1. Would you be able to say whether some residue in the stretch 74-82 is touching a Leu at 6+ places or on another chain (Cβ under 7 Å), at pLDDT 95 or above and assigned to a helix (DSSP H, G or I)?
2. So is Met31 outside any helix (DSSP H, G or I), hydrophobic (A, V, I, L, M, F, W, C), closer than 30 Å to Gly132 by Cα and over 16 Å from the mean Cα position of the chain (by Cα) or not?
3. Can you confirm whether Asp71 is modelled with pLDDT of 75 or more, surrounded by 10 or more Cβ atoms within 10 Å (Cβ to Cβ), of a type in the set (Asp, Glu) and closer than 22 Å to Cys45 by Cβ?
4. May I ask you to list pairs of residues, at least six apart or on different chains, whose Cβ atoms are under 7 Å apart, with the first in the stretch 44-71 being within 24 Å of Glu103 (Cα to Cα) and aromatic (Phe, Trp, Tyr) and the second being surrounded by fewer than 21 Cβ atoms within 10 Å (Cβ to Cβ) and at pLDDT below 90?
5. Could you tell me which numbered condition Trp99 fails, if it satisfies all but one of (1) under 30 Å from Thr57 (Cβ atoms); (2) in contact (Cβ under 8 Å) with a residue 24 or more places away in the chain; (3) not acidic (Asp, Glu)?
6. Any residue at all in the stretch 130-138 that's over 30 Å from Thr57 (Cα atoms) and modelled with pLDDT under 95?
Amino acid sequence: MLDDLTPSASSSAMTTSRTPDIKSPEPPPGMQLSDGDLQIYDYICARLRDAGIEHMTAGMPILMIVRTYSDWIKAYTRCETEGRTQTSPRTGWTSSTPWADDEKRLKMELGQWLPKACLTIPSLTRVRKDTGAGPEQDDLFADLLAHARGSPGGKPPH
């Protein structure tokens, strides 16, 4: 499952060809990261570099996201394999499994952490707007607009 995440570089002061001036931090010391956690850490750093987001001082928040995401994956997988509810054989009472509660809680935590680290589309858009950095996407309607402006009178036809 975590093998699907293929980092573009190692975790040490990584750079990419798109943004050679943006470096990523090493994972904070004292935390023993599994290979899967390190892949997630590298993946997040690579996405931030690709987006042109400076994050050299964000090692600890990124690690918090990595740990929360990794725990959420484990809880989600357990929900998929063992179910989200449990039923008492004596009374027939149905309740959530502890891992289903964990999955919900961790999903909520990710919903709070990801925008803070500029890892959602709205948060990235807001940062680019606030910093004046324009999007790198082409204007899909540039040719149409140029054609309309070139019409008689310089106004688009109604």
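1. First, pick out the residues of the stretch 74-82 that are touching a Leu at 6+ places or on another chain (Cβ under 7 Å): 75.
The next check asks that each one be at pLDDT 95 or above; those that pass are 75.
Filter again for assigned to a helix (DSSP H, G or I), leaving 75.
Yes, because at least one residue in the stretch 74-82 is touching a Leu at 6+ places or on another chain (Cβ under 7 Å), at pLDDT 95 or above and assigned to a helix (DSSP H, G or I).
2. Values: outside any helix (DSSP H, G or I): yes; hydrophobic (A, V, I, L, M, F, W, C): yes; closer than 30 Å to Gly132 by Cα: no; over 16 Å from the mean Cα position of the chain (by Cα): yes.
No: the conditions fail for Met31.
3. Numbers: modelled with pLDDT of 75 or more: yes; surrounded by 10 or more Cβ atoms within 10 Å (Cβ to Cβ): yes; of a type in the set (Asp, Glu): yes; closer than 22 Å to Cys45 by Cβ: yes.
The answer is yes for Asp71.
4. From residues that are within 24 Å of Glu103 (Cα to Cα) and aromatic (Phe, Trp, Tyr), there are no pairs.
5. Unmet condition: (1).
6. First pass over the stretch 130-138, keeping only residues over 30 Å from Thr57 (Cα atoms): 138.
Now narrow it down to the ones that are modelled with pLDDT under 95: 138.
Yes, the conditions are met somewhere in the stretch 130-138.
Results for (1) surrounded by fewer than 11 Cβ atoms within 10 Å (Cβ to Cβ); (2) at pLDDT below 95; (3) part of a helix (DSSP H, G or I), shown as yes or no for each residue.
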{"position": "Lys104", "(1), (2), (3)": "no, no, yes"}
{"position": "Lys107", "(1), (2), (3)": "no, no, yes"}
{"position": "Gln112", "(1), (2), (3)": "yes, yes, yes"}
{"position": "Arg128", "(1), (2), (3)": "no, yes, yes"}
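The values are calculated or read from the model by the stated rules, or taken from the named source; none is laboratory data. Quick caveat: nothing in here was measured; it's all calculated off a predicted structure. As a convention, Cβ positions derive from the backbone with ideal geometry for all residues, glycine included, and neighbour counts pool all protein chains shown.
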